[in-house]
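Taking it in order: structure first as structure tokens, then the write-up.
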Amino acid sequence: RGLAAGPEMHFGFQTVTEEERREKIYQVFENVAKKYDVMNDSMTLGIHRVWKDILMHKMNPCPGTLLLDVAGGTGDIAFRFLNYVRSVRQRQLQRKLKHHQNLSWQEIFDSYQKDQFNSLGDSQVVVCDINREMLKVGKQKAQHLGYSEGLSWVLGNAEELPFDDDKFDVYTIAFGIRNVTRIDLALQEAYRVLKPGGRFLCLEFSHVSNPLLSRLYDLYSFQVIPVLGEVIAGDWRSYQYLVESIRQFPPQEELKAMIEDAGFFKVDYENLNFGIVAIHSGFKL
Amino acid sequence: PRGRDGRGGEEEEEMEGWHQLYPGHIPTSPLQKALLAAGSAVMALYDPYRHDMVAVLGETTGCLALPNLRDKMKNHPEGYRILQERPCIRLSTLDMGRLQGLPDGSLGREYVRFLEDNKVSPDTRMPPKFVDDEELAYVIQRYREVHDLMHTLLGMPTNMLGEVVVKWFEAIQTGLPMCVLGAAFGPVRLSSRKLQVLATELVPWAIRSGLNASCVLNVFYEQRWEQPVESLREELGIFPPP
């Protein structure tokens, strides 16, 4: 048994070394990058969009927020963030205008001009991902959809972020932490790069406790999803890995404990769809 | 925690290396096969460039036809030898130089000409994934490799029209549901002029040849490169193309 070059861990239901796991996961996302969004829509029947919207509402960022979106690959969270702060900013500006109704036309015009060039209110999002292919797809999407302001793309590893301490207001990781090989390191890094008062938010597949629902969910996951992967993306194995990795990931309470271990306070979670997905939140104080 | 077994009925505990009968094999439950068959059929029609979907359709629907084909091969001396020796038509095993040097009209020369004219290669065939029997997996692989030779023997190009004609021939010969579906639905994407030619001349000829010919999988093509195409047609019972 003992020729493994390092600690043993799982890749889905297989047992592999840490290094092998990183490589295999890199390959999975390299293969699926181009069809990632299509597959997400097919597998979740579009519901993943609602989950991500809920995450954004929970975050409720105000203009001026600096967000780090880790494993943000194709940009879903980043784009939602930019839309959100833009609309909050617009409402802010409208309210300001209403209060300035006693000013002269010239003064109103001047203040409007000044704010026009700051439609995001200095908000910024940095998308960090370990996989070049996913970032590539994300950048193309951004160009296609017209997102450029307040958006940066960085190649980086969640276990060892290329950022300084105490930099960000919010850290998000949506459907990414499951693929990290050393979750504890990723959580520690999250803590490090957040400013004091900063918030950690994690959106991830979790465990369904209701037994009937759990059976149906398993049936769907194992029977339908790999088939969808084969038919849509021509890749059975990557999606087989996906459903297995969900089963291997720590359940809600265990993840909560791990987040607390990294130093976060007021750690809490919210189940979506009976625990198919959960949002974990914590604060650096 | 170790994952729960969620695949209806299967006993696997480890994923890879479990019940894997041949490299590339992915065992599937009956439900998965049914979903794959339906999904691949729809996708193949929607995007004709998804050759992998046609392949998957063939594998998931071939459970009756493939054993039939295998038995036909077993009961024929040349077919039996093929099952034993498991030859593969691949660029690495073909001596392209030698084949090109053969006289015009010979199987080898015409096959190479076909590959060049249509810019195809024998190496682009999908290996089988969803066939749950190692010997049957070889049978379907052989069928795929022989497909290009069918084009050569029938004198059909690789455009949509030519492919449909070959599918009609193969449907009669093999009984594979995928060929039947391809033959029936392929013409959907053809112009009416081509449909006419198809219906009046090509398909009747393909059917007659298919019925008359002995099983094309029972021919050890790799040992017959020098044989003239016409002689091979006569031997098999394929009528001259219109």
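Brief remarks on what is shown
- Test: residue in segment B:121-136 that is over 11 Å from the mean Cα position of the chain (by Cα), part of a helix (DSSP H, G or I), among the β-branched types (Val, Ile, Thr) and surrounded by fewer than 16 Cβ atoms within 10 Å (Cβ to Cβ): yes
- Only one of the numbered conditions (1) out of contact with any Phe, Trp or Tyr (no Cβ under 8 Å at 6 or more places or on another chain); (2) crowded, with 20+ Cβ neighbours inside 10 Å; (3) facing another protein chain (nearest Cβ under 8 Å) is violated by A:Arg237, and that is (2).
- Some residue of segment A:47-60 being touching a Gly at 6+ places or on another chain (Cβ under 9 Å) and either surrounded by 18 or more Cβ atoms within 10 Å (Cβ to Cβ) or part of a helix (DSSP H, G or I) (or both): no
- Of all the listed residues (B:Val180, B:Val219), the sole one being closer than 23 Å to B:Arg109 by Cα and either in contact with a helix residue (DSSP H, G or I) (Cβ under 6 Å, 6 or more places away or on another chain) or modelled with pLDDT of 80 or more (or both) is B:Val219.
- Criterion: within 14 Å of the chain's Cα centre (by Cα) and part of a loop (DSSP other than H, G, I, E, B) - qualifying residue of A:Gly72, A:Gly64: A:Gly72
- Number of positions in segment B:63-109 that are crowded, with 19+ Cβ neighbours inside 10 Å, touching a Ser or Thr at 6+ places or on another chain (Cβ under 9 Å) and under 28 Å from B:Gly182 (Cβ atoms): 4
- Scope segment A:246-268; condition facing chain B (nearest Cβ under 9 Å) and assigned to a helix (DSSP H, G or I); matching residues: A:Ile246, A:Arg247, A:Gln248
- In summary, helices (runs of 4 or more DSSP H) completely within segment B:19-86 and bearing 2 or more residues that are of a type outside the set (Asp, Glu), within 11 Å of another protein chain (Cβ to nearest Cβ) and in contact (Cβ under 8 Å) with a residue 40 or more places away in the chain occur at B:30-46, B:51-61.
- For segment A:22-51, the set of residues classified as out of contact with any helix residue (DSSP H, G or I) (no Cβ under 9 Å at 6 or more places or on another chain) and of a type in the set (D, E, K, R) consists of A:Arg22, A:Glu23, listed by residue number.
- Matching residues in segment B:164-180 - criterion: being buried (at least 20 other Cβ atoms within 10 Å of the Cβ) and part of a helix (DSSP H, G or I): B:Val164, B:Val165, B:Val166, B:Lys167, B:Trp168, B:Phe169, B:Glu170, B:Ala171, B:Gln173, B:Thr174, B:Met178, B:Cys179
- Filtering A:Gly263, A:Gly197, A:Gly229, A:Gly282 for residues that are touching a helix residue (DSSP H, G or I) at 6+ places or on another chain (Cβ under 9 Å) and at positive phi leaves a single hit, A:Gly263.
- Qualifying residue in segment A:196-206 (condition: crowded, with 20+ Cβ neighbours inside 10 Å, of a type in the set (Lys, Arg) and not in a helix (DSSP H, G or I)): yes
- In the set (1) farther than 19 Å from A:Met56 by Cα; (2) buried (at least 18 other Cβ atoms within 10 Å of the Cβ); (3) out of contact with any Lys or Arg (no Cβ under 8 Å at 6 or more places or on another chain), A:Gln188 fails one condition alone, (2).
- Segment A:138-193, residues that are assigned to a strand (DSSP E or B), in contact with a Leu (Cβ under 6 Å, 6 or more places away or on another chain) and among the β-branched types (Val, Ile, Thr): A:Val170, A:Thr172
The values are calculated or read from the model by the stated rules, or taken from the named source; none is laboratory data. Every value quoted in this text rests on a predicted model; they were computed, and no experiment measured them. Here Cβ is always computed from backbone atoms with ideal geometry, including for glycine, and neighbour counts include all displayed protein chains.
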